[in-house]
Every structure is written in C-alpha cells, then in structure tokens.
Amino acid sequence: MVEKIQAIAGNRKSLFAGSVKTRFNDELFRKKRAILTSMDDKEMKTVLNASFKTIMKTVAPVGKATATKKSAKKGLAAAAPKHGPKRMVYDAKRTEEVSDLPGKLIRKEGQKPVKDKDVNNIYDNSGYTWNFYFNQFKRDSVDGKGLTLIHSVHFGVDYGNAFWEGTQMVYGDGDQVFKSFTKDIDITGHELTHGVVQYQANLEYVAQSGAINESMADIFGVMVRQLALKEDTTKDENWLIGRTCMKGTGYALRSMANPGSAFRNHPILGDDPQPGHMDNYMDLPNTERGDHGGVHINSGIPNHAFYLVAKEIGGQPWLKAGKIWYEALCDQTMLQSTSQFVDLVNATSSKAESLFGINSPEAKAVKNAWRAVGL
C-alpha cells in the first residue's frame, strides 16, 4: 500500500504504495486454506510448507474416507457453507520474513474482541469489506468462493507498509512517516481488492496495467469505507484514501477528487505527485525507484475518472458507478493482464451501455468523465 519508493518528481522524494504479488498456485492454496482453519499454529506451519499430497496423507489417509451414498449426501448437506466472512487474524510478532507468516493466531471468526486493538480493527475492517462485496455484488470473499481472509498484524520493525501477499494481508506498525495501517477501513478494502483483481483480470503490476490495478483497489476500498461509515459522498474529503495512517495533520495517501492534493509540503515526502489528467502522465521506468512505471502515481487518472462518474450520476456510488467498474473488472474478455487505460475506457463504456442503455445518463457520465481526464 505505501512502500517507500523514491521517484523523481520535481526533485522531491515522494512516497507511494507498495507492490502486490499476483501469481500463485490457486488450486493448491485454496485446498490448503480449507484445512488451515482446523489446525493449531504448529500444524499450520507444516501445511504451508507441504505439498497437497503430503497434506492429504496426513489429514485423510487413504481408506478412511469411504461412505455410503446416503451418508455422503447427509454429510454434504450438513457441511453446506453459510454466507458470511471467514476471518483469521494473526500476530506476526514483528518478523521480517514473509515465510514466517501468518504467525500466532489471535482471533478467528466468531470470537470476541481481544486486547490488541490492531487485531480488532482488522477483524472489523475485513468484515466491512466482505459485506460490501457480498451485499453489492454477491461475491463471496476475494475469490468469489469463500476464501478465508487471513491477516497478519505487527509485521516487521519500523515497517511502513501494508500489502496483499498473494494469499493473505500483511500490516506493519508504521515508521517515521506512518502510524498503524489497521485503522483505515479503506486500506483494508484496498488491499483485499488487490486479491479480487488477482482472481479476475490479474492485471500486471507495471505501468498502465499496474495503475489500473491500483486504481481498482482505491475505488473499491474507498467505497467500502463510505458504505461502512455512511459517509456523505458529495464531500470531497470523503474521497481521500488513507486519512489517518500518516503522522501529522492534514495528510492522506491519495485524493480521488483532486489528485495531487493529498499531501503538500510534507517534511519528508514533499508534495503529492499524482496527476488527474493524461497531460501530466508520468512515464517512469519499471524499477522500484520508478514505482514500477508509476503504478501509484498514474492511478490518479482513472481514480479521478471514477470520481467524476460517481458525482455526475449522483447517489450512492456503489449502486451504479461501482457496478459498472465491477462488471468491467470481472469481464476477462475486456480487461486482461496487460490491459491499458484505453481498454478500461472501452470496458467501462461498454458496461455502462449494457447495464443502463446506450443513451442513458450513466453511459453519458462515463464518456464525459474519460473525456475530462484526457482519454
């Protein structure tokens, strides 16, 4: 979310969101997750480092899984999943190794709040995110199939970042610039949306495809917060991302209403470099210093386009603007791993027309917004 990356932007050092891993063995991890929820910490670490064949030999030896058709049907009925989030929050104990994750289990689904506020914050924020996706789009978890939402807090020492690791969420406690990343609902929503993107368009994390990836995370992350807190979306301050995670006053990570205004004259970061129009697009190198081609800088352009669509349509943004963007994200014939801004323009324009009509106010709002940002 906010990995420190030094980039050339008016000879000032700026801070942008961190990288996201988007490729992993989907089938293996899904099967592992189904088993993890019933294991203690020691067993869990063994599973995370084992092959699925080894797991099944340990958990369900051959010859012990036979059942009659009648009992099998009964078992399937009894095991039918209930709709609701499956959350597990761990303490990473300040480890700096991703291989040590998830850590010590502190709170899982259905358990009461614990003493650790960060654990409770993430448990709640994760619930807000699951509820948003399920209630608005009938999506069960980030993979749409009920994936357990695993989070690890207290990662690293002076670690100013939060990120989607490819299978779970990870949160640092902050550094000289940042405070805890667990308070902002939109940060949790942002990072879990990277998981949604991973299972849908799987946008490559570089240049324009990476900027679309980041923009999707911001768009749905901010809507998760807006809905959870019942915010007035006509106010521009409610289109800020990460309003409380930075030390000091008057700072946020990004502004969708006014890209480039989230922080100014920051003693360490300088000014927010995000553009809101293609005239100011930054063509940066695909390096860590170059923000992987400006994925967190140029995301300000599609971010602002969504904001303009939501403002022109009016009402709750997730009902129409959000639906258009969600349908675009989930259509793999229109958005794919290497998609560029023009592909997002075409996808959202097409979805607006198919959902609401070719000459509908919604379709016109989408076209007006993209035109306003130079696309």
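Overview of results
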read-out	value
Number of positions in region 198-225 that are buried (at least 24 other Cβ atoms within 10 Å of the Cβ) and under 17 Å from R139 (Cβ atoms)	8
Residues of region 322-342 that turn out to be part of a loop (DSSP other than H, G, I, E, B), more than 14 Å from N213 (Cβ to Cβ) and of a type outside the set (A, V, I, L, M, F, W, C), as a count	3
Within region 299-317, considering residues that are buried (at least 24 other Cβ atoms within 10 Å of the Cβ) and over 18 Å from R225 (Cα atoms), the one nearest to the chain's Cα centre (by Cα)	S299
Residues satisfying the stated conditions in region 242-266, i.e. more than 14 Å from F178 (Cα to Cα) and in contact with a Lys or Arg (Cβ under 9 Å, 6 or more places away or on another chain)	A257, A262
Which listed residue, of N131, N135, N121, N125, is of a type in the set (S, T, N, Q), touching a Lys or Arg at 6+ places or on another chain (Cβ under 6 Å) and either without any contact (Cβ under 8 Å) to a residue 60 or more places away in the chain or not assigned by TED's automatic domain parsing to the domain that holds K230 (or both)	N121
Region 98-118, residues that are small (G, A, S) and under 20 Å from E165 (Cβ atoms)	S99, G103
Hey, S255 among the small types (G, A, S) and touching a residue at least 12 places away in the same chain (Cβ under 8 Å) or not	yes
Filtered residues of region 81-139 (kept if assigned to a helix (DSSP H, G or I), among the small types (G, A, S) and over 18 Å from H190 (Cβ atoms))	S99
Close pairs from region 301-321: first closer than 18 Å to I212 by Cβ, partner of a type in the set (S, T, N, Q) and crowded, with 24+ Cβ neighbours inside 10 Å, Cβ under 6 Å, at least 6 apart	P302/S215; N303/S215
Flag if V309 is modelled with pLDDT of 95 or more, within 25 Å of G160 (Cα to Cα) and of a type in the set (V, I, T)	no
Test: residue in region 99-119 that is among the hydrophobic types (A, V, I, L, M, F, W, C) and either under 16 Å from the mean Cα position of the chain (by Cα) or at pLDDT below 95 (or both)	no
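Per-residue answers, yes or no, for (1) among the charged types (D, E, K, R); (2) within 26 Å of D173 (Cβ to Cβ); (3) free of Cβ contacts under 8 Å to residues at least 40 places away in the same chain:
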| position | (1), (2), (3) |
| --- | --- |
| Q198 | no, yes, no |
| M216 | no, no, no |
| K247 | yes, yes, no |
| I268 | no, yes, no |
| L284 | no, no, no |
| H292 | no, yes, no |
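A quick yes/no check of all residues on (1) under 10 Å from the mean Cα position of the chain (by Cα); (2) assigned to a loop (DSSP other than H, G, I, E, B):
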site: F181; (1), (2): no, yes
site: I187; (1), (2): yes, no
site: H194; (1), (2): yes, no
site: V197; (1), (2): yes, no
site: A201; (1), (2): no, yes
site: Y205; (1), (2): no, yes
site: I212; (1), (2): no, no
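The values are calculated or read from the model by the stated rules, or taken from the named source; none is laboratory data. Predicted model only: the values in this text are computed from it and were never measured. Please note: Cβ atoms are built from the backbone with ideal geometry, for glycine as well, and neighbour counts cover all protein chains shown.
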